[in-house]
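Data first, discussion second: the structure below is written as structure tokens.
The values are calculated or read from the model by the stated rules, or taken from the named source; none is laboratory data. Note that this is a predicted model, so its numbers are computed, not measured. Glycine also receives a Cβ, built like all others from the backbone with ideal geometry; neighbour counts cover every protein chain displayed. Please note that ligands, DNA and RNA were not included when accessible areas were found on the heavy atoms of the full protein model with its side chains. Shrake-Rupley method; radii C 1.70, N 1.55, O 1.52, S 1.80 Å.
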Amino acid sequence: MATTVIVGTGIIGLSTAYYLSKHQPGTTIHLIDSSPDLFTSASGYAGGFLARTWHEHDPRVAALAALSFDEHSKLAEEEGGHDKWEYSKAESLIYTRTKDNTVEGDENWMAEGKSRAGLVKERQREPDEGKIPQWLKRVDGDAVGLIDDEGTAIVDPLKLCQFLLEKLISEGVQIHHPAIILSIGTDVRDELSYVRIGYTDSSTETEIPATRLLLSAGAWTPIVFKSLFKDSTFDIPISSLAGHSLVVKKPEDAKSTNYLIFSSFPDGPSLEFGTRPSGVVYFTGVNSALIPLPPLVAERKIIPESIEQLKGLAKEVLTLNEGQELEVVRTGLCFRPVTDKGTPYISRLADEQLGGGIRTRPGADGGVFVAAGHGPWGISMSLGTGLVMAELMGGKNTSVDITGLGLQQETYLPYGGDVLSFKG
């Protein structure tokens, strides 16, 4: 039976392990993560925004996005997600400080520092007055538009990851952290057969059988690939976009409707904020491609000026009582794995891309796989990605077509670079 090692215990790795565990013993699945504390980057600090049909303009990911949204809904219904990880349907609004409520943005919205709401700007319509939250601070000259009240939802990604982790442990899946893969090993046929890992909090090393290897380490995926396949001339074209976040107490009854709001300010960032059932508001939108990716996520350093900017924007849009201050629950900095083409890579690598004469067992018995590069859609597409990756690794037909997400078709330079042709 194939044994599977997954590098990265973020939501993509966890989701894949979750679906794999439905078809193979949990004891044959291993997750490896270098962090002493799990979920300290995008999987724990993201906003948790889910959208079903916001990718209809892009056939490469439209079906995957819809599949994943439906899997989120299904899992929440089966496992009590509303209580365990705050799954909730949400209404999506556009808010601008001008009567022109057209939000700029298209498929390149993130690279251009604009709003993802621009993907569905043609859906804007006037909301009923009851659709506008009372806690949203209104000013003369502003405008509110409703863009989706059926196909969007929100979760607390940290709680979802914690649920998935507990579920996997109960199935016998083995979690190794803080640990790194020191080397890979092959059998007499030069086929991948094991990995050697080292625990960074001790001097312990051990070998783990591995005929299948999944790289799902987010923005660190290219670094992991190069460390394992040193003779490869192939590059995984994923880079990093850093983003700060702020979570504050919600200034009204936590039981009211949950909202996702996409706002723009003259000469300001495109702010995203959303409420969760626990009574908090999550803010993000202060992003930078210039903040370097740290070697380990634990070494990240929050930039105080970025948090202060988010606090200032939060005060602009939240209705607070006179003299009331923001009640900050948490601040964060995460590194989103982005690709120049704007879609993730969900693929099996060809043996030729591994270099050094390394081969993998054919079919469902082996392979080196990549699932990374989801950008700001990692939480939204997580369960769908996990499902199709488990199917791909198991040699099954995938639930949706992912041929447009392969690494064999095109190679891209890091974020913002020019497109190059792939050379195997």
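Across segment 134-169, what is the total count of residues that are closer than 25 Å to S380 by Cα and of a type in the set (G, A, S)?
Residues in segment 134-169 being closer than 25 Å to S380 by Cα and of a type in the set (G, A, S): 3 in total.
Here's the yes/no breakdown for (1) more than 24 Å from D58 (Cα to Cα); (2) among the polar types (S, T, N, Q); (3) in contact with a Pro (Cβ under 9 Å, 6 or more places away or on another chain); (4) in a strand (DSSP E or B):
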| site | (1), (2), (3), (4) |
| --- | --- |
| G332 | yes, no, no, yes |
| G355 | yes, no, no, no |
| R361 | yes, no, no, no |
| V368 | yes, no, no, yes |
| G384 | no, no, no, no |
| L392 | no, no, no, no |
| K396 | yes, no, no, no |
| V400 | no, no, no, no |
| G404 | no, no, yes, no |
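Restricting segment 147-159 to residues that are under 18 Å from the mean Cα position of the chain (by Cα) and among the aliphatic types (A, V, I, L, M), which is farthest from G44 (Cα to Cα)? I'd like the intermediate steps shown before the answer.
Let us first name the residues in segment 147-159 that are under 18 Å from the mean Cα position of the chain (by Cα), namely 152-159.
In the following step, the residues that additionally are among the aliphatic types (A, V, I, L, M) were identified as 153-155, 158.
On the way: A153: 17, I154: 14, V155: 11, L158: 4 Å.
Checking each candidate, the answer is A153.
State which residue pairs qualify: first residue under 14 Å from P362 (Cα atoms) and inside segment 184-202, second residue in a loop (DSSP other than H, G, I, E, B) and among the basic types (K, R) in any location, beta carbons under 6 Å apart, and separation of 6 or more residues or different chains.
Sorted first by the residue in segment 184-202, then by its partner, the pairs are E191/R361.
Which numbered condition in (1) aliphatic (A, V, I, L, M); (2) in a strand (DSSP E or B); (3) within 22 Å of Y45 (Cβ to Cβ) is the only one that V144 fails?
Condition not satisfied by V144: (3).
For the subset of segment 1-25 comprising residues that are surrounded by fewer than 24 Cβ atoms within 10 Å (Cβ to Cβ) and touching a strand residue (DSSP E or B) at 6+ places or on another chain (Cβ under 8 Å), which member is modelled with the highest pLDDT?
Per the stated criteria, the residue is S21.
Consider segment 313-337. How many of its residues are touching a helix residue (DSSP H, G or I) at 6+ places or on another chain (Cβ under 9 Å) and aliphatic (A, V, I, L, M)?
Of the residues in that region, 3 qualify.
Select from segment 301-331 the residues that are farther than 21 Å from A242 by Cβ and of a type in the set (D, E, K, R) and write down the one among them that is surrounded by the fewest Cβ atoms within 10 Å (Cβ to Cβ).
Going through the qualifying residues, I end up with E322.
Those residues that are closer than 15 Å to I132 by Cβ, open to solvent by less than 30 Å² (accessible area, probe 1.4 Å) and of a type in the set (S, T, Y), I need them from segment 235-284; list them, please.
Result: Y259, S263, T275.
This table checks each residue for (1) assigned to a strand (DSSP E or B); (2) touching a strand residue (DSSP E or B) at 6+ places or on another chain (Cβ under 7 Å).
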{"residue": "T257", "(1), (2)": "no, yes"}
{"residue": "I261", "(1), (2)": "yes, yes"}
{"residue": "G268", "(1), (2)": "no, no"}
{"residue": "E272", "(1), (2)": "yes, yes"}
{"residue": "T275", "(1), (2)": "yes, yes"}
{"residue": "Y282", "(1), (2)": "yes, yes"}
{"residue": "G285", "(1), (2)": "yes, yes"}
{"residue": "P294", "(1), (2)": "no, no"}
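State yes or no: is S232 part of a loop (DSSP other than H, G, I, E, B), farther than 17 Å from I12 by Cβ and without any contact (Cβ under 8 Å) to a residue 24 or more places away in the chain?
no
Are any residues in segment 183-202 modelled with pLDDT under 95 and either under 24 Å from G386 (Cα atoms) or of a type in the set (A, V, I, L, M, F, W, C) (or both), and if so, which ones?
Of everything in segment 183-202, just one residue is modelled with pLDDT under 95 and either under 24 Å from G386 (Cα atoms) or of a type in the set (A, V, I, L, M, F, W, C) (or both), namely V188.
Could you say whether any residue in segment 154-177 is open to solvent by 20 Å² or more (accessible area, probe 1.4 Å), closer than 28 Å to D340 by Cβ and among the hydroxyl-bearing types (S, T, Y)?
no
Would you point out the residue of segment 114-141, among those that are in a loop (DSSP other than H, G, I, E, B) and open to solvent by 50 Å² or more (accessible area, probe 1.4 Å), that is modelled with the highest pLDDT?
Let us first name the residues in segment 114-141 that are in a loop (DSSP other than H, G, I, E, B), namely 114-115, 124, 126-128, 132-135, 137-141.
Restricting the remaining residues to those that are open to solvent by 50 Å² or more (accessible area, probe 1.4 Å) gives 114, 126, 128, 134, 137-140.
On the way: K114: 58, E126: 82, D128: 80, Q134: 87, K137: 91, R138: 88, V139: 88, D140: 87.
Only one residue tops the list, namely K137.
Among helices (runs of 4 or more DSSP H) lying entirely in segment 33-90, which contain 1 or more residues that are among the hydroxyl-bearing types (S, T, Y)? Give the steps one after another, and end with the answer.
Details: elements: 42-45, 62-79, 81-84.
By residue number, 42-45, 62-79.
Of everything in segment 147-166 that's at pLDDT below 95 and in a strand (DSSP E or B), which residue is farthest from T257 (Cα to Cα)?
Checked segment 147-166; the qualifying residue farthest from T257 (Cα to Cα) is I147.
Between residues in segment 310-326 that are under 16 Å from T275 (Cβ atoms) and residues that are open to solvent by 40 Å² or more (accessible area, probe 1.4 Å) and among the charged types (D, E, K, R), which pairs lie under 7 Å by C-beta distance while being six or more apart or on different chains?
What qualifies is V317/K137; L318/K137; T319/K137; L326/K311; L326/K315.
With respect to T211, is the statement that it is open to solvent by less than 50 Å² (accessible area, probe 1.4 Å) and in contact with a Gly (Cβ under 9 Å, 6 or more places away or on another chain) true?
Values: open to solvent by less than 50 Å² (accessible area, probe 1.4 Å): yes; in contact with a Gly (Cβ under 9 Å, 6 or more places away or on another chain): yes.
Spelling it out, T211 is indeed open to solvent by less than 50 Å² (accessible area, probe 1.4 Å) and in contact with a Gly (Cβ under 9 Å, 6 or more places away or on another chain).
Scan segment 92-101 for residues that are assigned to a strand (DSSP E or B) and surrounded by fewer than 20 Cβ atoms within 10 Å (Cβ to Cβ) and report the count. Break it down into steps so the answer makes sense when it comes.
Filtering segment 92-101 for residues assigned to a strand (DSSP E or B) gives 92-96.
Narrowing the set further to residues that are surrounded by fewer than 20 Cβ atoms within 10 Å (Cβ to Cβ) leaves none.
Residues meeting the conditions: 0.
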